[in-house]
Each structure stands twice: as C-alpha cells, then as structure tokens.
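The values are calculated or read from the model by the stated rules, or taken from the named source; none is laboratory data. All of these numbers come straight from a predicted model, not from anything done at the bench. All Cβ positions, even for glycine, are placed from backbone atoms using ideal geometry, and neighbour counts span all protein chains on display. Ligands, DNA and RNA are excluded from the accessible area calculation, which covers all protein heavy atoms including side chains. Shrake-Rupley method; radii C 1.70, N 1.55, O 1.52, S 1.80 Å.
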Amino acid sequence: PCGYNVTSQNGTIYSPGFPDEYPILKDCIWLITVPPGHGVYINFTLLQTEAVNDYIAVWDGPDQNSPQLGVFSGNTALETAYSSTNQVLLKFHSDFSNGGFFVLNFH
C-alpha cells in the first residue's frame, strides 16, 4: 500500500510494490502513532533509492510543519531517526525514472 495511518507499538513499512521495485511518480504518506508518552525509533534495514530524486522524508510530529528528522535517500542501510513525540510522519517520493526498494522498522 502507498501510505496509510499506523497505530501500533512497532511494525514494518515496505516500499510500494515490495519485493518488486517501487513504481515511478509515487508520493506516499504514512502517519505512525505509538502510545502517548513514547517516542518513535525508525531504523532503515534496506534503503536502495535513486539518490536525491527518490527519498523518504521524516517529520517529528503529525504533519509537514513539524520539525524534520531527516531525508533518507541513496544506497545505505542502518539509517536511524528518533522522534521526541509519539507521532512521526513519513513521506516517500519517487520521480519519473528508476525504481528501488526500502524497508523500515519502527518501535
């Protein structure tokens, strides 16, 4: 699925179409909510995207006006982000060329 709301203490989010490459020209938004009083730890176990042009942006809160925790792109793994609130917003964007994959875990 391309974006949805997640209310759980932990879980995994996969790129659209996984295990196949994600499609071009996609914009997906996920809102992760954990129990109040907890933060969210995000760990990319697989990140193979077109550098710069395809990315996952992460905000520390429920919307894009919240402080940004990072923009993750390229061919790296074990990238992490920590929130100070119990909500994290993720936005995935792919452009008109090349596909790739990502897998992230949160708890």
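Observations on the model:
- Residues being assigned to a loop (DSSP other than H, G, I, E, B) and either among the aromatic types (F, W, Y) or within 17 Å of N10 (Cα to Cα) (or both) - total across the stretch 80-107: 6
- Residue match in the stretch 65-82 (condition: touching an Asp or Glu at 6+ places or on another chain (Cβ under 9 Å) and β-branched (V, I, T)): no
- Selection count, the stretch 4-61, where residues are acidic (D, E) and not in a loop (DSSP other than H, G, I, E, B): 1
- Close contacts from the stretch 74-87, counting a first residue that is over 13 Å from G61 (Cβ atoms) and without any contact (Cβ under 8 Å) to a residue 60 or more places away in the chain and a second that is polar (S, T, N, Q) and assigned to a loop (DSSP other than H, G, I, E, B), with Cβ to Cβ under 9 Å and a gap of 6+ residues or different chains, come to G74/T49; N75/T49.
- Test: F72 is of a type outside the set (S, T, Y), under 10 Å from the mean Cα position of the chain (by Cα), open to solvent by less than 20 Å² (accessible area, probe 1.4 Å) and closer than 21 Å to Q9 by Cα: no
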